[in-house]
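Since the structure comes first, as structure tokens, the remarks are kept for the end.
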Amino acid sequence: MASNIHIIIVDIINGMATVYMFLILIRSLMTWLRQEVIAKFFGFFDAVAKVTDPVLNLIRKFFPSYIGRVDLSPFIALLLVEIIKYVFIYGLNLIYKL
């Protein structure tokens, strides 16, 4: 029974991390869109911005994430999500092997 719970928790963590990474990618691609497209799908883009901007703004605050005019904060956020995901999964693996 414990291994089933372990697998479910790992799947949930993987799924949440994947969804958040896609939202970060969508947010970074939004900067390339014209204002007419953003206005047409404002509700969706606003929701993506509200979910991802706190993390991206925090990264911009602590890391100089610009090279020229290119913002690297989405790339740093993707790396951090992956690191956090693997730390959680590694911790769960240690707990369930005890």
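At-a-glance table
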read-out	value
For the chain, built as a Gaussian network whose Cα springs stay under 10 Å, the top-fluctuating residue of I59, I24, I67	I67
Contact order normalised by residue count of the range 2-97, Cα under 8 Å, 6+ apart, percent	42
The range 50-98: trypsin sites (Lys or Arg not before Pro) falling in loop per DSSP and having at most 14 other Cβ within 10 Å	R69
Convex hull volume of the range 2-97 per residue (C-alpha atoms, cubic angstrom)	100
Rounded to 10°, Cα long-axis angle of helix 42-62 versus longest principal axis of the chain	80
Pairs of lysines in the chain (C-alpha under 26 Å apart; 8 or more residues apart or interchain)	5
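Since every read-out is calculated from the coordinates, none of them should be taken as a lab result. No experiment lies behind these values; they were computed from the predicted model shown. Positions of Cβ are generated from backbone atoms using ideal geometry, with glycine treated the same way; all protein chains shown enter the neighbour counts.
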